[in-house]
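Here is the structure we will look at.
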Amino acid sequence: MAAVIDLAPPRPPTPPSVRKIRAASRGFEVLFTGLFVFFILLAIFSLWILLFYRGDILTIGPRGGMITTSGHPPPDFLPFRSYRLDQKLAYVPDVIVRALPSIFLFWNLRRLFRHYSQGEVFTARNARLIQGMGVCLIADAALPFLCHLILSATGYEIDKMWAHLEAVQELILGAVVFVIALVMQAGREIEEDREGFV
C-alpha cells in the first residue's frame, strides 16, 4: 500500500482585512457593472433623441438641454426635430466622444473590483486599471472643451454653456488618481525587489 505525502507548505490563513476587501468588492463590482451598462444605454438613448425624437419635451438651446413637462420650452430652446440633418449629424461624434470616458471609467472600475474580490490587491494589472481611470477622468474633463472648439469652428455649436468649474476639479482628480497609480506600481516593484533578495 502506497502512501502519498504532501510536502507543500500549508497555505497561510486569509487575513481579515483581505476577507473584508473581497466581500465589499463584490458589491462594488455589481454596482459598476450596472453603471457601465447604464452609460452605454444612455449614449444609445442620447443618439436616438438626437436623430429620431419628434416630441417637444426634450429641447436644447444656448444654456444647454432642457426637459419641459408642459411641452412648451422657452423661445430660444428648440426641439431636436427642428434641427437640420447636418446639425444632428455634427452632434453624433460629440455624443459618442463625450460618452466614452464614462463608459471606460466604469469598465475599469468593474474590472478593478473584480480583481479585488478575487484577492488581487497590489498588482501591476490593478495599477494599470487605476491609471486608466485617471486618464478617463482627464478625458471627461477635457473633451467637452475640445468638442466645443470643433463645433464652434464649424458653426454648429448650439449649447453655449459648455464651461463648468466641475471640469477643472475632475481634471485635477484625474491627474491625482493617475499619480497614485504610479506610486502603487512603484511600491509593488520595490516589494518584488525585496522578495528577490530573500
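The values are calculated or read from the model by the stated rules, or taken from the named source; none is laboratory data. Note that the structure is predicted; figures quoted are calculated from it, not measured. Backbone-built Cβ (ideal geometry, glycine too); neighbour counts: all protein chains shown.
Against the criterion of being more than 22 Å from ALA139 (Cα to Cα) and in a helix (DSSP H, G or I), ARG111 does not qualify.
Residue by residue, here is whether (1) part of a helix (DSSP H, G or I); (2) polar (S, T, N, Q); (3) surrounded by 12 or more Cβ atoms within 10 Å (Cβ to Cβ) holds:
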residue	(1), (2), (3)
ASN126	yes, yes, yes
ILE138	yes, no, yes
PRO144	yes, no, yes
HIS148	yes, no, yes
SER152	yes, yes, yes
VAL168	yes, no, no
ALA181	yes, no, yes
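The listed residues are LEU100, LEU109, LEU146, and the only one of them that is modelled with pLDDT of 95 or more, of a type outside the set (Lys, Arg) and more than 17 Å from VAL177 (Cβ to Cβ) turns out to be LEU100.
Against the list (1) within 30 Å of PRO79 (Cα to Cα); (2) part of a helix (DSSP H, G or I), the condition PHE28 fails is (1). Here PHE39, PHE122 are screened, and the one residue that is at pLDDT 95 or above and either within 12 Å of the chain's Cα centre (by Cα) or not in a helix (DSSP H, G or I) (or both) is PHE39. Within the stretch 87-100, is there a residue that is of a type in the set (Ser, Thr, Tyr), farther than 30 Å from VAL18 by Cβ and in contact (Cβ under 8 Å) with a residue 40 or more places away in the chain? Yes, the stretch 87-100 has at least one match.
If you go through the stretch 53-82 and keep only what is touching a residue at least 24 places away in the same chain (Cβ under 8 Å), assigned to a loop (DSSP other than H, G, I, E, B) and surrounded by 13 or more Cβ atoms within 10 Å (Cβ to Cβ), you end up with just TYR53.
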